[in-house]
Amino acid sequence: MTTNGKVNKNKVIPWQLSVEEEQDVVEENRGAQASSATHNSDEKESLQILPQRKVKAVSPIKTTGQAKLTVSKWKRFARKRSDIAAWHEYQKARIDFPTIRESMRMNHHRMNAAQLSDLEELVEITSQEKHRKDGGVSSVSSPSRALLYYFAKLAASTREEEVIDLEFVQTLIDNGAAVNTADRHGQTLLHEAARQWDLSVAKLLLERGAVVNQPDKYGRTPLHVAAAVDYPEMVQFLVQRGGDIHAKTVKEMQTPVHFAARNDASLSLMMLIKCGADITDKDFKQRTALQVAAELDRSETARCLIERSSAAGVADDRGMTALVLMITKMPSVAKEALNQFYSTDRANRKQFFFLNQLEPPVPTCMSSGCAKTALEVIVQHKQFDLIMHPVIQRLIAVKWKYFGKRGAWIQVITNLFFVTLWTVLGVTSPSKASDFFDPIEKKWWRVVLGVIAILMTFNLIRQELMEYFASKREHRLWVKWREDELRNDLEFCHPRWPGERMYLMQEIDSLRHQEPSYLKDAWNFIDWLAYSMIIASLAALCTAYLRDDQMALSVYINILSATLVVLWIRLMKYARAFTALGPFVVMLGHVINDVLKFGFLFFIFYIPYAASFWMVFNQQGVKGYSDITDLLFSMFRMTIVDEYNYEELSQSKPIMAKVLCGTYIAASGVVCLNLFIALMSDTFQRVYDNVKANAVMQQASTILSLERGMSVSKRRAFTNFIYTRCNPEEIYYDDDSPVGEEKDLQRMTHQIKEQVDHIYTHINQQESDRKRKSNGSSNDVHKLREDLKKLEQQQRVFSSQFHSQISEVKDMLGDVLHTLGKRKKKKH
């Protein structure tokens with residue numbers, strides 16, 4: 001840092017006034033600006049090497065004389081809060097306002113604007129302590145007020161060309177300004193310098209007595225600030241000057257590593273790790289930096305921590321793991337994190353799965369928290385890439401073998417028996433209502449089957465209601481638990497970082513728009529449709545039998561016939577757990593969804609044409625068009641180019657028959673049907689491309705449903721199995737066995753991966769060697785630049801002395817010439 005220098009937030013600009021400018025500095029302000037812009041070519045090259053930081057704007061004080069004059073103005077205007085308003089009006093007459101283009105960048109400086117309002121409070125922690133000790137009224141001194149407001153004004157400015165006058169800062173300090181003066185939040189000038197200013201500013205403050213580890217009211221030190229704003233040079237500088245790399249905030253207990261992770265400051269995070277920071281440090285919730293980054297959706301720092309082997313399976317005090325949060329917010333990073341739970345020993349042909357890291361040590365039904373497991377979140381968010389990861393595949397295989405396969409078969413057999421009962425009752429329905437149960441000696445089997453079917457129906461309805469209310473209660477508890485966790489974090493949101501509170505409030509608001517998992521499964525609605533139709537058919541049967549009503553019997557037969565179709569389709573819900581049938585079940589769901597979307601387009605043509613056919617042909621006695629139901633069916637047959645009695649239509653109204661039939665067939669039979677075929681082809685291709693992932697997803701969904709229905713003792717037994725037999729699970733491993741095309745492809749993939757990993761390691765080694773050499777050369781360049789600056793300073797001092805001596809010689813020669821001139825005049 002040069003004397004009488006300016007810092008453009010990221011650049012120290014040498015500035016030396018000439019002798020002529022020093023003589024005219026009071027009357028001409030523009031001369032100082034011109035002098036500050038004159039640099040030699042070496043200075044410009046050195047400035048381009050310095051790291052680029054944010055650039056803001058404020059009109060600097062130009063010279064030492066002006067600095068002293070401004071100090072006196074500060075003493076006059078900064079004595080009380082009302083005087084600050086007068087100082088604002090005074091500054092408006094001197095400072096040029098930003099242009100329209102500059103004002104468009106104001107949105108990027110909201111944090112600095114909040115900081116200006118905080119610094120304008122002019123509250124000093126040290127003065128409060130003095131007030132408590134002395135028992136008298138203490139106030140911040142005028143130079144300290146001036147220093148605070150000067151930094152605040154620069155920080156809130158939006159002008160990129162603005163610079164800071166270090167000579168003015170030094171003058172304020174010399175006049176009694178305290179460098180440890182703090183605002184109402186306890187943040188000092190060093191906190192502000194660590195945010196975005198050049199290292200020279202921080203160096204000046206530290207040389208003038210600033211405390212490097214001074215915490216604010218929230219316990220945040222300047223190192224916390226530098227880590228949060230991704231300023232690695234400042235991080236390294238503060239650590240070298242004694243900054244505590246393990247300093248923790250008040251109550252929240254977070255270190256600078258946490259702050260770098262939560263603000264996606266990857267460069268600062270790497271610098272902290274390089275300086276010896278511990279990535280396993282935990283805060284008041286026992287969260288590591290990786291958990292904080294995952295919770296706030298900071299993918300860059302989360303990936304950086306995963307690459308440095310930060311544990312993704314460590315849970316906080318409420319059971320939430322970083323892996324679950326990453327699955328929800330950053331699936332690509334979660335896929336990398338899952339590799340931590342899988343390792344291979346090729347020499348001994350073994351592979352290890354740490355499945356205990358994916359399951360809570362205490363079953364969810366017995367724990368106080370409401371944290372979800374990794375498999376639950378994967379199924380909830382339909383993460384097909386993650387469910388095909390070897391670790392998740394192995395976890396599903398273990399659960400399927402332990403309880404899933406048996407439970408799935410029990411469900412299939414039970415529901416198959418249930419559907420068969422209603423089918424038998426339906427196909428053996430008599431033609432008369434009185435023949436249902438009479439005579440009882442011959443129809444006892446119908447009574448037995450009917451009682452069993454009805455009991456099973458009401459039992460299934462009971463289970464469905466229990467599942468619904470359990471899902472709703474679980475979701476309500478989880479939302480309340482998650483909202484309480486987020487509101488606990490709101491307590492530690494700093495006013496200088498308004499984005500922290502905004503993000504947490506958005507997370508809380510998103511919780512209120514989430515629905516229970518029960519409502520997300522369309523098969524549950526099919527269940528209720530089937531149960532409703534069964535109850536309706538039973539009501540019709542009771543009416544027909546008790547009143548001997550033949551019409552009620554007809555209604556019963558019609559409803560039950562439709563119910564059987566729904567019941568047999570419903571059976572696929574329990575068959576989807578088997579990988580051979582899962583993809584077809586998924587495909588059926590997509591087809592139904594596409595049919596509903598296509599139905600809207602189809603009815604746009606169907607309804608107006610139906611009205612037109614009815615208006616033209618309903619009075620003509622044409623077969624198939626004289627009744628509204630016959631007309632609608634005939635038009636459907638026309639859509640699929642079936643028989644639609646065109647001969648009678650053309651005989652009745654030949655022109656309108658040709659117009660209506662031709663345009664309707666073209667619109668519905670050609671355009672709409674071809675669009676529907678293309679839509680079905682796309683759906684089939686999408687499902688077929690993920691056929692295996694869809695099958696595994698359906699199996700996992702069934703496994704989770706069975707797991708929720710298990711008793712506490714069975715869930716405890718399974719948890720013990722996971723933590724004893726799968727910690728880790730050791731199984732045989734051989735990726736070179738040439739069995740089948742899939743194994744050949746897997747073997748080739750592993751070989752290619754090994755070659756790519758070898759090349760990647762070699763490139764990284766070369767890159768590290770190059771960086772090491774470049775760091776050494778950059779250090780040499782830095783030293784050379786410092787030497788050149790010192791020589792330049794010496795040259796300027798010598799030049800100044802030389803100019804002053806030349807001026808003295810000129811004055812002496814002028815006096816001599818003036819004396820000689822007087823003597824000549826006297827002689828004459």
(message) Cα atoms only: what Rg and Dmax, in Å, come out for region 514-574?
(response) 14.7, 50
(request) For K350, enumerate residues with amide H under 5 Å from its amide H, sequence gap 5+ or separate chain, H modeled in the peptide plane. (result) D345, Y733
(request) Work out from phi, with θ = phi - 60° and the Karplus expression 6.51 cos²θ - 1.76 cosθ + 1.60, the ³J(HN,Hα) of each residue of region 427-439, listed in order in whole Hz, and give x for Gly and Pro. (result) 6, 9, 5, x, 7, 10, 5, 6, 8, 5, 10, 10, x
(request) For region 396-434 and region 263-314, compute the distance between their C-alpha centroids and round to whole Å. (result) 51
(request) Could you state the accessible area per residue of region 252-375 in Å², with a 1.4 Å probe and every protein chain left in place? (result) 37
(message) Taking 8 Å as the Cα distance limit and 6 or more residues as the minimum spacing, I'd like the relative contact order of region 202-343 as a percentage.
(response) 17
(request) Measure off, as a whole percent, the carbon and sulfur share of the 1.4 Å-probe accessible area of region 165-307, all protein chains present. (result) 46
(request) First compute the accessible area of region 465-605 with a 1.4 Å probe, then give the percent of it belonging to carbon and sulfur atoms. (result) 69
(request) Would you pull out the residues with amide H under 5 Å of A178's amide H, same chain only if 5 or more places away, H placed 1.01 Å from N? (result) S144
(request) Would you pull out the residues with amide H under 5 Å of V163's amide H, same chain only if 5 or more places away, H placed 1.01 Å from N? (result) V58
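What does the accessible area per residue of region 444-529 come to in Å², with a 1.4 Å probe and no ligands, DNA or RNA counted?
On the way: 4990 Å² over 86 residues.
Here the per-residue accessible area is 58 Å².
Please work out the FRET efficiency for the pair K692 and R406, using the Cβ-Cβ distance as r and a Förster radius of 25 Å; give the result to the nearest 0.05.
Values: r = 23 Å, r/R0 = 0.93.
Efficiency, rounded to the nearest 0.05: 0.60.
Can you send over the carbon and sulfur percentage of the accessible area for region 375-451, probe radius 1.4 Å, protein chains only? Write down the numbers at each step before the final one.
On the way: 2590 of 3900 Å².
Looking at region 375-451 in its full context, I get 66 percent from C and S.
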(request) Quick one: what are the phi-derived ³J(HN,Hα) couplings along region 651-667, Karplus 6.51/-1.76/1.60 with θ = phi - 60°, whole Hz, x for glycine and proline? (result) 6, 6, 9, x, 5, 5, 4, 5, 5, 5, 5, x, 5, 5, 5, 5, 6
(request) Measure up K573/K714; K573/K597; K274/K372 against 28 Å on the Cα-Cα distance and list the ones that go over. (result) K274/K372
(request) For region 184-309, report the convex hull volume of the alpha-carbon atoms normalised per residue, in Å³, without decimals. (result) 89
(message) Could you give each residue of region 350-360 its phi-based ³J(HN,Hα) in whole Hz, using Karplus coefficients 6.51, -1.76, 1.60 with θ = phi - 60°, and x for Gly or Pro?
(response) 9, 9, 10, 10, 8, 6, 5, 6, 9, 10, x
(request) Rounded to the nearest Å, what's the spacing between the alpha carbon centres of region 487-521 and region 327-363? Just the number, please. (result) 29
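The values are calculated or read from the model by the stated rules, or taken from the named source; none is laboratory data. Note that this is a predicted model, so its numbers are computed, not measured. No Cβ is skipped: glycine too gets one built from the backbone with ideal geometry, and neighbour counts run over all protein chains shown. Please note that ligands, DNA and RNA were not included when accessible areas were found on the heavy atoms of the full protein model with its side chains. Shrake-Rupley method; radii C 1.70, N 1.55, O 1.52, S 1.80 Å.
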